[in-house]
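Before I ask anything, here is the structure I am working with.
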Amino acid sequence: MTILILTGRFGAGHCSAARALRQQLLAAYPAMRVQVVDFFSYAMPGSSSEAMYHAFRMLVTYGAGIFNTYYRMSDLLADDHPAPLERPMREAMSALLREFHPDAVVATHPLCARLTAHCRRQGGASVPLITCVTDFSQHAEWIYPETDAYLVGSPELRRQLAGRGVDPARIFVTGIPVRPEFKQLVRRPVSGSRQLLVMGGGLGLVPWGEGFYKKLAAQSDIHVTVLTGGNQRLLEHLSGRYPNITAVGYTERVFDYMAQADLLLSKPGGITVFESISAELPMLLWTPTLAQERENARFLIQAGLARMAGSSDGQCVESVCQLIRDTVSLERISRRMRRRKAQLEEESFVHLVSSLGRQVS
């Protein structure tokens, strides 16, 4: 059996989910052929895809308002309305499906799901399609009638998708996929010097204000680790500047840092959120700028899985100090995360892929 997992490097989350799904499948079925493909690099090889990814990074870093406007407008469009760059990519998707001839396709990016659904609609493929939604909010860009199954992160999202006409029998609350190390780690007891972990996703979108780090550095009982992701400028700026702040560049071992932390300060990207839930690590959120992350934050706050930090440098540090020193609240949030994990249908994904794949094998 061949499973094709399609993703894209728009931030780190879609690719992280794809790799985690591959690990789950191979752990259950070692003989299965599971291929993860960055579809956009396949469709636009070489400098073209790199230019597109660079433009996306610039957009979410400096043009969040433009991104959010498109995000809101696209939620109102019919599913047959062409998305940007879609038309030249349809042939590439057809070629990819012919090349791999998969028994099932898993999409961790919405455009990959859309293009696969279009191939099915036009009669160019009969392959089962499983869509892995990598946020905690519903949006039209994920929803297509040709989709056989949806993997979602919460019961709330399952109800939202059902409210938009998706058959509930096709929606599985599996959680957003993360590496098994996040589920297996043993966190250190909350004692002595407090450990704050600051993350901004793969792009390293963390606070830049010098006042923020100076105020954190003044907290002698808090040690701060900042994971800067691909933000080389921030890494160089922070390295060795403050005695109680450690800057770390891109790492594949985020779980090691979560195991040592008492509190995570982060933007609410879907993958980061579920890594934190899996690790039972309480979250403090700074004000998100992207629309889907605002929805993620709303979900977390309502579920009692995180708190919102103040918006200014001083207010944010004050929020950190209050929560990281409040061991009762930290434990309460961890318990809620533990209960959340118990709601997941963790085994359903591998059995789902296997059963769908057998229909065409």
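Please list the radius of gyration and Dmax for segment 1-107, considering alpha-carbon atoms only, with Å as the unit.
Spelled out, the Cα radius of gyration and Dmax of segment 1-107 are 15.7, 46 Å.
Order these peptides, 305-314, 290-299, by their mean beta-carbon neighbour count within 10 angstrom, highest first.
290-299, 305-314
I've got another one for you. Let me understand segment 125-187 better: what is its radius of gyration from the alpha carbons, and its Dmax, in angstrom?
Here Rg and the maximum Cα pair distance are 13.2, 46 Å.
Here's something else I'd like to know. Tabulate in residue order the Karplus-calculated ³J(HN,Hα) for segment 282-290, using 6.51 cos²θ - 1.76 cosθ + 1.60 with θ = phi - 60°, rounded to whole Hz; enter x for Gly and Pro.
Computed from phi, the couplings for segment 282-290 are x, 10, 10, 10, 8, 4, x, 9, 8 Hz.
Once Rh is set to the Kirkwood radius over Cα pairs, what Stokes-Einstein translational diffusion coefficient, in µm²/s, holds for segment 220-313 at a temperature of 25 °C and a viscosity of 0.890 mPa s?
After rounding, the answer is 173 µm²/s.
What figure in square angstrom, to the nearest 10, would you give for the accessible area of Arg325 with a 1.4 Å probe?
Number for this one is 100 Å².
What is the distance, in nm, between label points placed 7 Å from the Cα along the Cα-to-Cβ direction at Glu91 and at Thr69?
The modelled label-to-label distance comes out at 3.3 nm.
What number, in nm² with one decimal, is the all-direction average of the projected area of the convex hull of the alpha-carbon atoms of segment 93-216?
Details: hull surface 46.7 nm².
Across all orientations, segment 93-216 yields a mean hull projection of 11.7 nm².
Could you work out the helix-only [θ] at 222 nm for the chain, with each DSSP H run of four or more residues adding -39,500 (n - 2.57) and the total divided by the number of residues, to the nearest 500 deg cm²/dmol?
Computed mean residue ellipticity for the chain: -14500 deg cm²/dmol.
Looking at this model, which pairs from Lys215/Lys267; Lys214/Lys267; Lys267/Lys341; Lys214/Lys341 are more than 25 angstrom apart at the alpha-carbon?
Working: Lys215/Lys267 19 Å; Lys214/Lys267 20 Å; Lys267/Lys341 21 Å; Lys214/Lys341 36 Å.
Where the Cα-Cα span goes over 25 Å, the pairs concerned are Lys214/Lys341.
Sorted by mean Cβ packing within 10 Å, highest first, what order do the peptides 6-17, 139-150, 210-221, 46-57 take?
Going from most to least packed, we get 6-17, 139-150, 210-221, 46-57.
To continue, here is another question. Using square roots of five times the C-alpha gyration tensor eigenvalues, list the equivalent-ellipsoid semi-axes of the chain in whole Å, biggest first.
In descending order the semi-axes read 36, 22, 19 Å.
The values are calculated or read from the model by the stated rules, or taken from the named source; none is laboratory data. None of these values were measured; they are calculated from a predicted model. For neighbour counting, all protein chains shown are included, and Cβ atoms are generated from backbone atoms with ideal geometry for every residue, glycine included. Keep in mind that these areas ignore ligands, DNA and RNA; they rest on the heavy atoms of the full protein, side chains included. Shrake-Rupley method; radii C 1.70, N 1.55, O 1.52, S 1.80 Å.
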